[in-house]
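S.K.: Mind having a look at this structure? Questions to follow.
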Amino acid sequence: MPPALHLSPGQSSVHPASHASQEISHLWWMMMIAGWIGFALVVFLLTLGWWRRNRANLPFGGGDRAATAWIVGLGVGVPIVLLSALFVWADVFVINSTAAPREGSTRLTVDVIGHDWWWEARYPASGVVTANEIHIPVGTRVAAVVTTGDVIHSFWVPELNRKIDMIPGRRSEILLDAEHAGVFRGQCAEFCGLQHAHMSFLVYADPPDRFRAWLKAQQRPSAAPASALARRGKDVFLSASCADCHTIRGTSADGEVGPDLTHLASRSTLAANTIPNTPSELSDWIRDPQHVKPGNRMPALGLSPDALKAVVAYLDSLR
Amino acid sequence: MSTPSNTVLQSPTGPVATGRVAKPNGLWGMLLFVATEATLFGTIFGTYYYLRFTNAEWPPAGVPLPSVAVPLLLAFVLAATSAPMAVLSRAAQAGELARARAALVAAMVVQAGFFAMQVNLFEDDLAKFQPQGSSYGSIYFTMLGAHQAHVAVGLLLDVWLLGKLARGLTSYRVVAAQSIAFYWHFVNLLALLVVGAQLSVRV
Amino acid sequence: MAVDVELSPPAIARIRRLERIWEEPRGVLGWLTTTDHKRIGLLYFFTTLAFFGAGGIEAMLIRTQLAVPNAKVLDPNAYDELFTLHGVTMIFFFIIPMTVGAFGNYLVPLMLGARDMAFPRLNAFSYWLFLGSGVLLYGGFAASSQAPACGWFCYAPLNTAGYSPGHGVDFYALGLIFNGISSTVAAINFIVTIFKLRAPGMSLNRLPLFNYAMLAVSFSLLFALPPLTIDLVFLELQRKLGFHFFDVAHGGDPLLWQHLFWLFGHPEVYIIVLPAFGIATSIIPTFAKRRMLAFPLVALAELLVAFIGFGVWAHHMFATGLATTTLVFFAAASMMVVVPSTIQIFAWLFTVVTGRPEFRAPLLFIGGFIVFFVIGGITGIMFAAIPFDQQTTDTYFVVAHFHFIIFGAAVFPLFGGMYYWFPKVTGRMYHERWAQASFWVTFVGTALTFFPMHIVGLLGMPRRVYTYPSGVGWDSYNLSETVGAYILTGGLLMIFANLAWSRFRGPVAGADPFHGGTLEWTTTSPPPPYNFPVIPEVTSPYPNWDPPDRERDRRRLERGQLVLDAGHETTASTVRDGLLDEILEMPSESWWPLVTAACITAIFAFLLTSHFAIAGIFALTAALAVVGWHWREPEEPEPA
């Protein structure tokens, strides 16, 4: 039984951490206020109808002609004015902040490919491949270029920007530009099958030097196993069918079905941010992936308890 | 049949039109049915052009371009049957049974011939490329197949009408004739649009 | 005409003749062969209520699973099937057949002053087709234990055989194609009826607003269903025969599915809500005791909503990466469609303000409708702000929006309408205090269920998730929503208990308990099979408020003018001015609609199980049934 995952990273569109999501959040608050005013007017009129239910005309006099004038004014005039204003603000101005970044306006690109039910992340410039956890430098314009390897998914980190669907055959771009350091939660936002609910990821906005250090560490091939147990674990990994699905650079494992595990131990969560990355959780996961995330594509391998312990020790050493 | 007239008479019961002025219910039903089927084909044509403009190669490599002469000729021949169908409709409204029957038979023969030839062409095409090969094939055969299905239904309607007219003319059968004629005008127009879409690859 | 007035022996003799001509066989036989629009309306009513129950149970299971984080009430596959079925059932098997099939069928001929729909057997046919499609779908799920699990809009490529193996999606596709035939046929029937079967004098500017709504709905159905049908046909061709429409590898495009789906899907939501507008514009004048203000504007607005609604579909696709110009066009169009709705809202409100409203249960439900419609409408407007939409689409914010509209704005008027027309249909009055209590419980339940969804959506909760983690801030909202859902269920049970009890124990209601303005209130409760003993003559949109006209009707009954007791007849009118055009002989009870519908059900059943040859045989029998249907012809029409 997986413990509940406690998360401090937020996923709230009204807790913006970038200019783009700030603009959207601002837009939301203004629309909400205007909405409440409109709603109050309607409630007022309903209440007025009830209050004056024994009198058959408008409060300050005026018959049907006056009432019809009010209907046209409030029903046609006011909406046209308000909607035009909203249109210009949102669909002419704000949309520029949330549109795909222009060619050459970003300093870093990360390719994200959606899979059932995990996220593949590649940094083309540096050759880094990881999964379910993206790091970006703070205050830097980063282009996320997204697509899918199977069905439609949607890449969404509310505190950083709007969502963008990941559609077969298309590459779409979205800007990630965190204003402050932190961890931001993202989640797939297009129903993609059985484990859509457990397809989330983390975006770490690191200070630039920490990011560079992370990137450099990720570029290195996998660490050689230090202990005997870990060495045994590597042998189990390569001989059981793990390598058919997973890549560990620096070994012969080059499967491309599941996430790249080269630096698994550097990640804070497992199974697309479903469970924390601790040895006991990792062990539970490998022993019975279907129990944690029923319907996901990883089978139970039927490893003996000793083999399992060894594999966990090996994977836990892959920083 | 009563003479159509828009004269409004005053009577103790209120305004009354003389003679039937409005289109009969059955004809309205057919008009609306045609409207929905037209939307169906509009969607099919929309899909054809959507796929065309989202595909770099259309048709894809290995798929031959459609032939021009025979499909185009066939489409015009079918469209020409709108003339006898119009004669059928007007003759029925005027009470001329023999003329109506003759027009119907003439149209039917040509329409059946069209259907048979189109099935032939369809099979020829299938031998050259399949719907399972590409989206081009899929929409091509679906479009042609949908039209053929409507031609087939039209032929069944023709047979039914002929059977009814064999036993004489009633106002019910007049409305039937008007409605079926209208259906065929629609199917005939579609034939031209379908062949136009089919051949637009050559443009 | 006033129903309680003493009639002369000749008039009574005419009425007896009408009764003999129009009575249908007793018992089950009568119901199976009925062509009476009122009986067909009742068949639709009870069948759709059963589906409402099914959809409601599906919803309660969903809400129970989501009450707490990481719950284990349902496994992911069961959950996915349930939310798919909930959407499909509520939209295709509850709300449309209830508003169009039940309310529309029962009321439209009555409000027009006609004795039946234009095509009575076609009417029965649309019901049997609807029943067949529902039985096929649910029966198929039960028999095979497979249901679609792709969501009610079932996007490609998730809907293809590779990602959705088994029969679930095939049931969905074929079932909805089949269901669409029923709706198309009904739409044609309504349009011809409203155009052609109006009482003499009912020109278009005197057509009751409920009928304008039904006209708008019918035209929308006619033009919206084909894109869905084609999309589903493409899907089945791809799944069963290996065609390529939606897969990129062979030149297809998954967005094609979305475009075609939403070309249907957006007009569909106006189809859902327009009858509610029609019911609101029937109830408000009655209880506000005055004519609807800005009548022509309201009528035009109902038609405009339907029309403009065809131009906004891609606002369901704002996050897909379409070009900015495209997005902006659709946002502008989506804003335009707001205006006909706001005109109506203020027309309703000012009619209430300038009237002397009596807040009995039907009007309370309309009040609730207005509250929820405004909230749902405001959030709808927010979606036209593209960047905001791109944050909140596919989250619980949009689930909140459409439930406020579908449940709050489309279903509340249904309950108001059920109470309002209950005395007309049953001849008995519902219990007023109980009805008002049922309103308040349902209102609170609805608000508590759906309002927190706005918040939790803004906090990042996506839709269609079978569970969620604790610690992200979503827990308390989900729990409130579940509690609200149980309260809402309680309110609904109160409503139906009231109606059921009052059906048998309620005090007798007369012909006109509320003094409504439209023609159904001029005849007995319940109406006789022939609706009106004499075809009424109309000089305003509120004929029941024109006593001189009703007096003239009574005199015509005495004189035998437009009583039409020589056969199974009604009048036909011209389209624009409602001038009397001819007398029509209408068909009476018949087996053909049921038989033909059964054959078509068999076609779809065998298509589903891939027995194409047998399906073909049933297509042949269906064709023969249609020939049989048209074998006997009506008598020659008389000149008016």
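The values are calculated or read from the model by the stated rules, or taken from the named source; none is laboratory data. On a predicted model such as this, the values are computed, not experimentally measured, just so you know. All Cβ positions, glycine included, derive from the backbone under ideal geometry; neighbour counts span all protein chains shown.
S.K.: When the residues of segment C:549-564 are filtered to those that are more than 11 Å from chain B (Cβ to nearest Cβ) and over 13 Å from C:ILE15 (Cα atoms), which remaining residue is surrounded by the most Cβ atoms within 10 Å (Cβ to Cβ)?
M.R.: C:ARG550
S.K.: Here's another thing I want to ask about it. Given the residues A:ALA34, A:ALA67, A:ALA85, A:ALA40, which is the only one that is in a helix (DSSP H, G or I), within 7 Å of chain C (Cβ to nearest Cβ) and among the aliphatic types (A, V, I, L, M)?
M.R.: A:ALA67
S.K.: Take C:PHE125 and tell me if it is hydrophobic (A, V, I, L, M, F, W, C), buried (at least 22 other Cβ atoms within 10 Å of the Cβ), within 13 Å of another protein chain (Cβ to nearest Cβ) and assigned to a helix (DSSP H, G or I).
M.R.: Spelling it out, C:PHE125 is indeed hydrophobic (A, V, I, L, M, F, W, C), buried (at least 22 other Cβ atoms within 10 Å of the Cβ), within 13 Å of another protein chain (Cβ to nearest Cβ) and assigned to a helix (DSSP H, G or I).
S.K.: On the given criteria, is C:ALA13 assigned to a helix (DSSP H, G or I) and crowded, with 17+ Cβ neighbours inside 10 Å?
M.R.: no
S.K.: What number of residues within segment C:508-526 satisfy the criterion of being within 28 Å of C:ARG356 (Cβ to Cβ) and assigned to a loop (DSSP other than H, G, I, E, B)?
M.R.: As a first pass, look at segment C:508-526 and keep what is within 28 Å of C:ARG356 (Cβ to Cβ): C:508-525.
Subsequent filtering for residues that are assigned to a loop (DSSP other than H, G, I, E, B) retains C:509-518, C:523-525.
Counting residues in segment C:508-526 that are within 28 Å of C:ARG356 (Cβ to Cβ) and assigned to a loop (DSSP other than H, G, I, E, B) gives 13.
S.K.: Filter segment C:135-193 for residues that are more than 24 Å from C:HIS259 (Cβ to Cβ) and hydroxyl-bearing (Ser, Thr, Tyr) and give the result.
M.R.: Result: C:TYR138, C:SER144, C:SER145, C:SER182, C:THR193.
S.K.: While we're on this one: Identify the single condition in (1) more than 7 Å from chain A (Cβ to nearest Cβ); (2) surrounded by 24 or more Cβ atoms within 10 Å (Cβ to Cβ); (3) over 28 Å from the mean Cα position of the chain (by Cα) that C:PHE373 does not satisfy, given that it satisfies every other one.
M.R.: Evaluating C:PHE373 over (1) more than 7 Å from chain A (Cβ to nearest Cβ); (2) surrounded by 24 or more Cβ atoms within 10 Å (Cβ to Cβ); (3) over 28 Å from the mean Cα position of the chain (by Cα) leaves (3) as the failure.
S.K.: Within segment A:211-248, how many residues are touching a Pro at 6+ places or on another chain (Cβ under 8 Å), crowded, with 19+ Cβ neighbours inside 10 Å and under 30 Å from A:ILE136 (Cβ atoms)?
M.R.: Count: 2.
S.K.: Suppose we keep only residues that are facing chain A (nearest Cβ under 7 Å) and small (Gly, Ala, Ser) within segment C:345-362. Which one would you say is surrounded by the fewest Cβ atoms within 10 Å (Cβ to Cβ)?
M.R.: C:GLY355
S.K.: For segment C:583-614, what are the residues that are surrounded by 18 or more Cβ atoms within 10 Å (Cβ to Cβ), free of Cβ contacts under 8 Å to residues at least 24 places away in the same chain and either small (Gly, Ala, Ser) or in contact with a Cys (Cβ under 8 Å, 6 or more places away or on another chain) (or both)?
M.R.: C:ALA602
S.K.: Of everything in segment A:272-319 that's out of contact with any helix residue (DSSP H, G or I) (no Cβ under 9 Å at 6 or more places or on another chain) and part of a helix (DSSP H, G or I), which residue is nearest to the other protein chains (Cβ to nearest Cβ)?
M.R.: Among them, the one singled out is A:GLN290.
S.K.: Give the residue, chosen from C:LEU221, C:LEU197, that is farther than 30 Å from C:LEU174 by Cβ, touching a Pro at 6+ places or on another chain (Cβ under 9 Å) and among the aliphatic types (A, V, I, L, M).
M.R.: Going through C:LEU221, C:LEU197 in turn, the sole match is C:LEU197.
S.K.: Then there's this: Scanning segment C:565-582 for residues that are β-branched (Val, Ile, Thr) and not in a strand (DSSP E or B), which turns out surrounded by the fewest Cβ atoms within 10 Å (Cβ to Cβ)?
M.R.: Only one residue tops the list, namely C:VAL575.
S.K.: Mind listing just one residue for me: the one in segment C:47-81 that is closer than 18 Å to C:GLY168 by Cα and either of a type in the set (Gly, Ala, Ser) or away from chain A (no Cβ under 14 Å) (or both) and, of those, surrounded by the most Cβ atoms within 10 Å (Cβ to Cβ)?
M.R.: C:GLY55
S.K.: Does segment B:165-174 hold any residues that are more than 8 Å from every other protein chain (Cβ to nearest Cβ) and either farther than 26 Å from C:LEU584 by Cβ or surrounded by 15 or more Cβ atoms within 10 Å (Cβ to Cβ) (or both), and which are they?
M.R.: Passing the criteria: B:LEU165, B:LEU169, B:VAL174.
S.K.: Further question: Is it the case that some residue within segment C:209-227 is in contact with a strand residue (DSSP E or B) (Cβ under 6 Å, 6 or more places away or on another chain), buried (at least 24 other Cβ atoms within 10 Å of the Cβ), facing another protein chain (nearest Cβ under 8 Å) and not aromatic (Phe, Trp, Tyr)?
M.R.: no
S.K.: Do the conditions hold for C:THR342, that is, is it among the polar types (S, T, N, Q), modelled with pLDDT of 95 or more and either on the phi > 0 side of the Ramachandran plot or over 28 Å from the mean Cα position of the chain (by Cα) (or both)?
M.R.: no
S.K.: Would you check if there is a residue in segment C:600-610 being over 27 Å from C:GLY30 (Cα atoms), polar (S, T, N, Q) and not in a helix (DSSP H, G or I)?
M.R.: Yes; the residues of segment C:600-610 include at least one that is over 27 Å from C:GLY30 (Cα atoms), polar (S, T, N, Q) and not in a helix (DSSP H, G or I).
S.K.: Among the residues of segment A:82-96, are any of a type in the set (Val, Ile, Thr) and surrounded by fewer than 16 Cβ atoms within 10 Å (Cβ to Cβ)?
M.R.: Yes, some residue in segment A:82-96 is of a type in the set (Val, Ile, Thr) and surrounded by fewer than 16 Cβ atoms within 10 Å (Cβ to Cβ).
S.K.: Residues that are at pLDDT below 95 and hydroxyl-bearing (Ser, Thr, Tyr): does segment B:31-51 have at least one? Steps first, please.
M.R.: Filtering segment B:31-51 down to residues at pLDDT below 95 leaves none.
No: zero hits.
S.K.: Oh, and also: When the residues of segment C:34-74 are filtered to those that are free of Cβ contacts under 8 Å to residues at least 12 places away in the same chain and of a type outside the set (A, V, I, L, M), which remaining residue is farthest from C:PHE125 (Cα to Cα)?
M.R.: Among them, the one singled out is C:LYS72.
S.K.: Looking only at helices (runs of 4 or more DSSP H) that fall completely inside segment B:19-98, which ones have 2 or more residues that are among the aliphatic types (A, V, I, L, M) and more than 10 Å from every other protein chain (Cβ to nearest Cβ)?
M.R.: Where helices (runs of 4 or more DSSP H) fall fully within segment B:19-98 and carry at least 2 residues being among the aliphatic types (A, V, I, L, M) and more than 10 Å from every other protein chain (Cβ to nearest Cβ), they are B:69-80, B:82-94.
S.K.: Here is a list of conditions, (1) more than 7 Å from chain C (Cβ to nearest Cβ); (2) outside any helix (DSSP H, G or I); (3) touching a residue at least 12 places away in the same chain (Cβ under 8 Å), and A:SER13 meets all of them except one; can you say which number that is?
M.R.: The one condition A:SER13 does not meet is (1).
S.K.: In segment C:304-339, which residue that is under 18 Å from A:GLU173 (Cα atoms) and not in a helix (DSSP H, G or I) is nearest to the chain's Cα centre (by Cα)?
M.R.: Looking at residues that are under 18 Å from A:GLU173 (Cα atoms) and not in a helix (DSSP H, G or I), I get C:MET317.
S.K.: Here is a follow-up. Of the residues in segment A:249-267, how many are in contact with a strand residue (DSSP E or B) (Cβ under 9 Å, 6 or more places away or on another chain) and more than 30 Å from A:VAL138 (Cβ to Cβ)?
M.R.: Looking only at that region, the number is 6.
S.K.: Quick check: is even one residue across segment A:44-60 farther than 28 Å from A:ALA144 by Cβ, in contact (Cβ under 8 Å) with a residue 12 or more places away in the chain and more than 28 Å from the chain's Cα centre (by Cα)?
M.R.: Within segment A:44-60, one or more residues are farther than 28 Å from A:ALA144 by Cβ, in contact (Cβ under 8 Å) with a residue 12 or more places away in the chain and more than 28 Å from the chain's Cα centre (by Cα).
S.K.: Right, another one. Take C:MET382 and tell me if it is in a helix (DSSP H, G or I) and buried (at least 24 other Cβ atoms within 10 Å of the Cβ). Before you say what the answer is, go through the steps one by one.
M.R.: Details: in a helix (DSSP H, G or I): yes; buried (at least 24 other Cβ atoms within 10 Å of the Cβ): no.
Answer is no for this residue.
S.K.: Looking at segment C:403-411, is at least one residue at the interface with another protein chain (Cβ under 10 Å from one of its Cβ atoms), closer than 17 Å to C:PHE451 by Cβ and either more than 20 Å from the chain's Cα centre (by Cα) or in a helix (DSSP H, G or I) (or both)?
M.R.: The answer is no, given that none of the residues of segment C:403-411 is at the interface with another protein chain (Cβ under 10 Å from one of its Cβ atoms), closer than 17 Å to C:PHE451 by Cβ and either more than 20 Å from the chain's Cα centre (by Cα) or in a helix (DSSP H, G or I) (or both).
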